[in-house]
Structures are given as C-alpha cells and as structure tokens.
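Report on the structure given below.
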Amino acid sequence: MIRAGIIGATGYAGNELVRLLMGHKEAEIKWYGSRSYVDQRYADVYRNMFQVVEDVCRDDNVAELASQVDVIFTATPQGFLAGVLTEEILGKAKVIDLSADFRIKDVSVYEKWYRIEHKSPQFLPEAVYGLCEVNREKIRGARLVANPGCYTTCSILTAYPLVKEGLIDPSTLIIDAKSGTSGAGRGAKLPNLYCEVNENIKAYGVATHRHTPEIEEQLGYAAGREITVSFTPHLVPMNRGILVTEYASLVRRPDGSLPGADELRAVYESYYKEETFVRVLDDGVCPETKWVEGSNYVDIGFTVDGRTGRVVMMGALDNLVKGAAGQAVQNMNLLFGCDEKEGLALAPMFP
C-alpha cells in the first residue's frame, strides 16, 4: 500500500483528495494535516466523512510527516511548501504540490506574479510539471511534482495539440475562462459570500491573473518559443466546474488556404485517442461543466470559423478533480507504477 499524507486536508481540494484516496485500492491516508483543525475529528470538519474517516486532524509538520509516508500531498497556499521543503524531505517521500510554488521555472516570474519571495528555488530545476497527458514519462521518475492549476489544465489541454502542430498562431490566443466558486478555496472572503456571488457573473484578475504565466510557459514549450496570451477568468454562481472558450487565428498553408475541421479533428484525436481522461466531443457538441462534474474528465470541442480565419476551442473540467485532486492522484499513480486510472474511474455526476 502507498502511504499518503495530506497537508491542507480540510480545504476543498484536500477534502477531494480524501474522497478519491478512500476509493483507491493501493493507497491509504496516514496523516490528515490541517493548521486550523488540529486534534479535531476530520468527520466533524466534513460531515460527509462521518463513519468513513475516523482519524483526527494533525498539524502541518512536513518534516515529521516525510518519515511516515511514501507520498505527501500539499494542498496549501502559495509559499508554504517552498518555505519548508528540504533535501531531507525529498529523500524520504515524494511530494505532489497543488500550489504554484514549483510550476514556473523562472523564479523571477513567480515572484513577480505571486508577489512573494521563493524560499527554495534550488528545487525548481528538478520539479516536473504534472500535466500527465503531456509529461507522463518525466513524472514517473520525479521526486517533486508541481500539480497544475485548474484554469491552466483546461486552457492548456484545450489548445495544446493545435499549438504543438503549428496549426494556430499562439500569439493570437485569447482565453475566456469561467469557474465555480470552489476554485477560490474554503476561506471566508467577502466576494465569495452567497449574496455576492448568486445571480451574478464577473470578470476578475483581468490582465493580472496568476495562472497567465503558467499557461504561457507550458504552451510556449509546445510552440517552441516564448508566447504571450490574453487570459481573462470569470466567477460564476456554481459550486464546481471550469469552462474555457479560446480563440486563435489559424495558420494558412503555403497555398493560402486554411486548415479545415477534418484536419483539426485528426490532430486532436491523434493526441488524445489513447488518453482516458480527455474526451474529444463529436462535431457540433460543445463542452458543458455539468457533464464532467465529479469526474477526472476533460471534455474538448472546437469549431472552425472560416469567416474570420479563426478556430474556437472549448474545454470543460471539474476544477476540484482534474483541476486539482484528481490530477494529483493521477500523478501519484504514475509515480508509484499504479494503473493511471486507479481511484479515478468515476463517471461524472448528474444531476
């Protein structure tokens, strides 16, 4: 059995990790770490775990935890893991970090966008970006996995094949993204109160959202050069889900013609036909968050707009599963040689 510990187990992503790992045949949770609920029963924090989890919450001592488990999940605020990570910890246990601390290779970019000092930049070179469909082989041999963000997972996977194959001009890429409120975490914040969110939709972090450099870095690797994208997130009054709608100019062939829908579909299917958790939808079907809720699936669709010479790409996922905890479990499965689908073979919930 894989012995797992979770730091930040009482946040939304942490609780989703608990739910998924409870159904994993080859893993057991040894440590429910929470700075706010030390010595309280986990099931008193999340009543859905009544008579499912009998353990009490423990603290966030990663150094002590590393001696007791095989893998540590850190579902913590930015800066936490970078502030405590040591060579000794990585020598004892693998670490899957759900924060942004090790996603961005350039420490100056991280510090600019997150406005905090990075306390352990020496580990950035070895950290592997944990987007399984892109970096599967690198993940298998890693000690430190940077679990991607929710917006970024959806945004990258939706555009990646067309960027990689040079069918779109990534410098023209515009990403319009919408998220449910669980993406903001469980902390009490005025903008997330029911009366503030209900019957409303709003843009936020316009031209400043911290997932922007992560998207640019990863799609830049696909393009083979640095790129700049326009990324605008929106908050919508639902619990879970992310929907991205992306627009980019198609690259004309030498004869001046544009690639057609059949060519684009062939590319998507060649990249994702073997990927269990990426579903390329039929022609004319647009992704919807309700059809991926509670699952590790990403649904992708696209439409060629011949009038403008652009393609409209769409993606949907559950921000707490494929956008956080599910992807973390998928990474754990790769690290320990498990079936990649173990603990994740869940059909989406509806209604």
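The values are calculated or read from the model by the stated rules, or taken from the named source; none is laboratory data. Since this is a predicted model, take the numbers as computed values, not measurements. Cβ: placed from backbone, ideal geometry, glycine included. Neighbour counts: every protein chain shown.
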- [ ] Kindly indicate whether any position in segment 264-278 is charged (D, E, K, R), over 26 Å from Asn135 (Cα atoms) and in contact with a strand residue (DSSP E or B) (Cβ under 8 Å, 6 or more places away or on another chain).
- [x] no
TODO: List the helices (runs of 4 or more DSSP H) that sit entirely inside segment 26-101 and contain at least 1 residues that are over 30 Å from Lys341 (Cβ atoms), among the aliphatic types (A, V, I, L, M) and touching an Asp or Glu at 6+ places or on another chain (Cβ under 9 Å).
DONE: 62-66, 80-84
Open item on the list: So for segment 254-275 (the condition being within 27 Å of Ile6 (Cβ to Cβ), touching a residue at least 24 places away in the same chain (Cβ under 8 Å), among the hydrophobic types (A, V, I, L, M, F, W, C) and not assigned by TED's automatic domain parsing to the domain that holds Val18), does at least one residue qualify?
Closed with: no
TODO: Please tell me if Trp113 is closer than 25 Å to Cys132 by Cβ, at pLDDT 95 or above and assigned to a helix (DSSP H, G or I).
DONE: yes
- [ ] Would you please name the residue that is surrounded by the most Cβ atoms within 10 Å (Cβ to Cβ), looking only at residues in segment 237-289 that are in contact with a Phe, Trp or Tyr (Cβ under 6 Å, 6 or more places away or on another chain) and not aliphatic (A, V, I, L, M)?
- [x] Phe277
TODO: Please tell me if Phe80 is under 22 Å from the mean Cα position of the chain (by Cα), buried (at least 21 other Cβ atoms within 10 Å of the Cβ), modelled with pLDDT of 95 or more and aromatic (Phe, Trp, Tyr).
DONE: no
Open item on the list: Being surrounded by 23 or more Cβ atoms within 10 Å (Cβ to Cβ), in contact (Cβ under 8 Å) with a residue 40 or more places away in the chain and of a type in the set (A, V, I, L, M): is that true of Val304 here?
Closed with: no
Open item on the list: If I ask for residues that are touching a helix residue (DSSP H, G or I) at 6+ places or on another chain (Cβ under 7 Å) and free of Cβ contacts under 8 Å to residues at least 24 places away in the same chain, which ones from segment 1-50 would you list?
Closed with: Ala43, Phe50
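Yes/no matrix, rows are residues, columns are (1) more than 19 Å from the chain's Cα centre (by Cα); (2) touching a residue at least 12 places away in the same chain (Cβ under 8 Å):
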{"residue": "Leu85", "(1), (2)": "yes, yes"}
{"residue": "Ala93", "(1), (2)": "yes, yes"}
{"residue": "Ile96", "(1), (2)": "no, yes"}
{"residue": "Ser99", "(1), (2)": "no, yes"}
{"residue": "Ile104", "(1), (2)": "no, yes"}
{"residue": "Ser108", "(1), (2)": "yes, no"}
TODO: Consider Glu217 carefully, then state whether it is outside any strand (DSSP E or B), touching a residue at least 60 places away in the same chain (Cβ under 8 Å) and either out of contact with any helix residue (DSSP H, G or I) (no Cβ under 6 Å at 6 or more places or on another chain) or on the phi > 0 side of the Ramachandran plot (or both).
DONE: yes
Task: Considering residues of segment 317-338 that are outside any helix (DSSP H, G or I) and touching a Lys or Arg at 6+ places or on another chain (Cβ under 9 Å) only, the residue farthest from Pro259 (Cα to Cα) - done: Phe336
Open item on the list: Within segment 36-77, take every residue that is basic (Lys, Arg) and in contact with a strand residue (DSSP E or B) (Cβ under 6 Å, 6 or more places away or on another chain) and give me the one that is surrounded by the most Cβ atoms within 10 Å (Cβ to Cβ).
Closed with: Arg58
TODO: Please give the number of the condition Asn296 fails out of (1) part of a loop (DSSP other than H, G, I, E, B); (2) farther than 18 Å from Thr153 by Cα.
DONE: (2)
